[in-house]
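The next block holds one structure in the form of structure tokens; read it before the comments.
The values are calculated or read from the model by the stated rules, or taken from the named source; none is laboratory data. Since the structure is predicted, the reported quantities are computational estimates derived from the model, not experimental observations. No Cβ is skipped: glycine too gets one built from the backbone with ideal geometry, and neighbour counts run over all protein chains shown. Just the protein is used for accessible areas: all its heavy atoms, side chains included, with ligands, DNA and RNA removed. Shrake-Rupley method; radii C 1.70, N 1.55, O 1.52, S 1.80 Å.
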Amino acid sequence: MTQTAVAGERASDRPGGGFSVSRGYLNYVVAVLWVVMLLRFVDLQIVAVLLESIRKEFEVSDTLLGFMTGSAFAIFYGTLGLPVAWLADRYNRRNIIAAAVGLWSGMTAACGLAGSFSALFAARMGVGVGEAGGQPPAYSLISDYVPPERRSSVFAILNSAVPFGVFCGFIIGGWVNQHYGWRAAFMVVGLPGVLLALLIWLTVREPPRGFADNRASVATVSFGEAFDYLWRTRSFRHLVLATTIFTLGAIGSGIWIPSFFVRVHGMANADVAVWLAFIYGGGGVLGAMLGGFLAERLVVRSGDRRWYAWLSAIASAAILPFSFFVYLWPDPITALVVHVGTTILMHSWMGPAYGTVQSLAGVSRRAMAAAINGLAVNLLALGLGPLLVGAASDYFSARFGEDSLRYSILTVVVVCYSWAALHFFLASRTLRQDLAAAEAA
């Protein structure tokens, strides 16, 4: 997996004050950061398969569950990402990542100790605090190992950890929940991250900034200068809007889809967990990898980097007919099989979009670019997605009964995916000029 990410790159040929690494070590760094992304999404997604057990024990509404799974996590995750990014653009990113992984993993384990819903709510906020320090410095660090022309595929590899994390969350969470309860499930997925944090601190090296861009030195910029530059870049704005709006639909549906198949179709919780684990794990990894490598191939063949945005727009629009089928078809097994196609398309834009965001930022603003993107995605998408679906389900329950969840999910995803496709297309209109400006800065 990681061999492709760095094939053909010789770190020793790049400037960096004597800094050099072997190809094997580059692969190792990509692999370690892949595991970081994996645990991040295991800890995030496992709560989806535990929702019904938590609801029954604490006797809370869908609105409160949606608030806990979304807003409790996203408020801290989104807002703290900006000051963490400011630190990551100036100080050792390896240390920030290690501390963040240790914190969110410990708080995930603490969720299993919660004796009340309010305690669980507080622990989930703690997970958000820790995860705020994961993605921005990780994206910035890997961009200093890998040159711009390879970032789409490398970010596709990193983001393939997202659906695989969902797979692990469903499989581990479903099995442990069924046999030992939801508290044990949080403990099982949280504690390994503490060991990973130690491994990162001991073995990952901090590269010089600009190492992969052939920059001998990089000037730091202020928080205000970085924010102003990024927000004046039109394609960056549209990519942030597109990824945020799409993720709102994806998170909103992803958190609630296990409950949809349990309530509407009467499937067993464990059966749903296994089905969705393999769908998201297999289809999601395939989609993320295909999207990243296909975008790179199209850009090389055409010489037009707008394909990074065009491919993302096409995938977002193509998912709509699959969504209608999944949520309206009466047979659950057929709907789950069709959901494989939904999942492939759902993850195919990640590598091209997030890799392009890093290239648009320039060397000195990478962590800030990831944090701004993360602020929007997590505060708005993660904060509102589950809450909107849960609130809509409660509102329509008097009229539709258990089917209210069916129509609330479908409405959210159709609006979000079509709206995101528009912004991906709008990003393509100035993408070539904005990338050239970032490279010349």
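Annotations for the structure displayed:
- Candidate set: segment 393-437, residues that are hydroxyl-bearing (Ser, Thr, Tyr) and farther than 20 Å from residue 327 by Cα; chosen: the one most open to solvent (accessible area, probe 1.4 Å): 430
- Exclusive hit being within 24 Å of residue 185 (Cβ to Cβ) and either of a type in the set (A, V, I, L, M) or open to solvent by 10 Å² or more (accessible area, probe 1.4 Å) (or both), set 173, 106: 106
- With respect to the conditions (1) part of a helix (DSSP H, G or I); (2) touching a helix residue (DSSP H, G or I) at 6+ places or on another chain (Cβ under 8 Å), residue 265 falls short on a single one, namely (1).
- Tally of residues being of a type in the set (Asp, Glu) and either without any contact (Cβ under 8 Å) to a residue 24 or more places away in the chain or within 20 Å of residue 339 (Cβ to Cβ) (or both) across segment 401-441: 2
- One residue from 325, 278 being touching a residue at least 24 places away in the same chain (Cβ under 8 Å), in a helix (DSSP H, G or I) and surrounded by fewer than 18 Cβ atoms within 10 Å (Cβ to Cβ): 278
- When 150, 94 are checked against the criterion of being open to solvent by 10 Å² or more (accessible area, probe 1.4 Å) and either closer than 30 Å to residue 307 by Cα or without any contact (Cβ under 8 Å) to a residue 40 or more places away in the chain (or both), 150 stands alone in meeting it.
- Selected residue (only one of 26, 82, 103 is part of a helix (DSSP H, G or I) and in contact with a Gly (Cβ under 6 Å, 6 or more places away or on another chain)): 103
- Meets criteria (open to solvent by less than 40 Å² (accessible area, probe 1.4 Å) and either in a loop (DSSP other than H, G, I, E, B) or of a type in the set (A, V, I, L, M) (or both)) for residue 75: no
- The residues of segment 375-386 that are buried (at least 24 other Cβ atoms within 10 Å of the Cβ) and either basic (Lys, Arg) or modelled with pLDDT of 80 or more (or both), listed by number, are 377, 381, 385, 386.
- Residue pairs meeting the criteria (Cβ under 7 Å; at least 6 apart or on separate chains; first outside any helix (DSSP H, G or I), in segment 360-382; second open to solvent by less than 10 Å² (accessible area, probe 1.4 Å) and among the small types (Gly, Ala, Ser)): 362/438
Every residue, every condition in (1) over 23 Å from residue 82 (Cα atoms); (2) without any contact (Cβ under 8 Å) to a residue 24 or more places away in the chain; (3) part of a helix (DSSP H, G or I), yes or no:
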{"site": "137", "(1), (2), (3)": "no, no, yes"}
{"site": "145", "(1), (2), (3)": "no, no, no"}
{"site": "154", "(1), (2), (3)": "yes, no, yes"}
{"site": "158", "(1), (2), (3)": "no, no, yes"}
{"site": "163", "(1), (2), (3)": "yes, no, yes"}
{"site": "166", "(1), (2), (3)": "yes, no, yes"}
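- Qualifying residue in segment 284-305 (condition: in contact (Cβ under 8 Å) with a residue 60 or more places away in the chain, of a type in the set (Asp, Glu), in a helix (DSSP H, G or I) and open to solvent by less than 40 Å² (accessible area, probe 1.4 Å)): yes
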